[in-house]
1. Here are some conditions: (1) surrounded by fewer than 16 Cβ atoms within 10 Å (Cβ to Cβ); (2) more than 24 Å from I192 (Cα to Cα). H28 meets all but one. Which one does it not meet?
2. If you take the residues in region 222-241 that are β-branched (V, I, T), over 12 Å from T34 (Cα atoms) and within 20 Å of the chain's Cα centre (by Cα), which one is surrounded by the fewest Cβ atoms within 10 Å (Cβ to Cβ)?
3. Across region 1-17, which residue is modelled with the lowest pLDDT among those that are open to solvent by 60 Å² or more (accessible area, probe 1.4 Å) and among the hydrophobic types (A, V, I, L, M, F, W, C)?
4. Kindly provide the set of residues from region 182-199 that are over 14 Å from L18 (Cβ atoms) and open to solvent by less than 80 Å² (accessible area, probe 1.4 Å), ordered by number.
5. Determine if region 262-272 includes at least one residue that is part of a helix (DSSP H, G or I) and touching a residue at least 24 places away in the same chain (Cβ under 8 Å).
Amino acid sequence: MTEIALNLVSVLFLGFFLGMRHATDADHVVAIATIVSRERSVVASALIGAAWGIGHTITVMAVGAAIIVFGVVIPPRLGLSMELAVGIMLVLLGVLTLTGMGRTVGAARVASGQALDLHDHLHAHGDYVHRHPHGHLPGAHGHAAEHTPLARLDRSGLGRIAYYKWLRPFAVGLVHGLAGSAAVALMVLSIIREPLAALGYLLLFGIGTVAGMMLITLILAVPFTVTAVNLPKFNWRLRVASGLVSFVFGVFLIYSIGFAEGGLFTDTPSWDPH
């Protein structure tokens, strides 16, 4: 009995460390890098990683429990659709980042017939960093800070929800959990036959994913937080790069999952959870 208990504990802890490893998957890192690029605080970035991990864990537990306890079989088209959602989400994250970074305005208006001490430099409104003609006299700013894309989202009904700031990474984690939950559950079933032990494995896997993602976001946040104040131009380039990587990687996933041989939109879809 002691040997069995030790083996079970070993397997459960293996789930924790595999969860930490799972957090380093390419699509996870790309998504969280795009989100954390807008942050100016390392602590806030870690909380974003935790929110992502919690969302991911909830989906893995829900789908995994359905497979382990009730023997639910996910058809290929549904499985591929869950994975396709990740590609679509990465494209949307990239577009949101790039449209926010690329938006500029023309020359500032002339007030009262006088020139407005204009100059050009990078500056920020919260998490929105951009360049346009700028001055320090009244009316010389060139646009209102409340007209930025994320500012409009903040003023919407979502902005009045408690913990709204962490809803975005939480939702992204939910989508990512859909893509990998079936593979995790099937892997657990191959080594653990007892449902309660298998669910315990999934829970520790999720906790490991939360810890791993918090560590990753801390590492990713450092260059963004350091350059935000001291090197705004380089920070702008980093954020543009994160948006481009997210968009391109998302397009690649959409093509490989949807249109490549055995893809979702082909006549013979084939799904191998991984």
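The values are calculated or read from the model by the stated rules, or taken from the named source; none is laboratory data. Just so you know, these numbers come straight off a predicted model, no measurement behind them. When we count neighbours, we look across all protein chains shown, and the Cβ atoms used for this are built from the backbone with ideal geometry, even at glycine. For the accessible areas, the whole protein counts, side chains as well, though only heavy atoms, and no ligand, DNA or RNA atoms are used. Shrake-Rupley method; radii C 1.70, N 1.55, O 1.52, S 1.80 Å.
1. Result: H28 fails condition (1) only.
2. Once the filter is applied, the top-ranked residue is V222.
3. So the residue we want is M1.
4. A182, L189, P195, A197, L199
5. The initial filter retains those residues of region 262-272 that are part of a helix (DSSP H, G or I), namely none.
Checked against the condition, which is being part of a helix (DSSP H, G or I) and touching a residue at least 24 places away in the same chain (Cβ under 8 Å), region 262-272 yields no hits at all.
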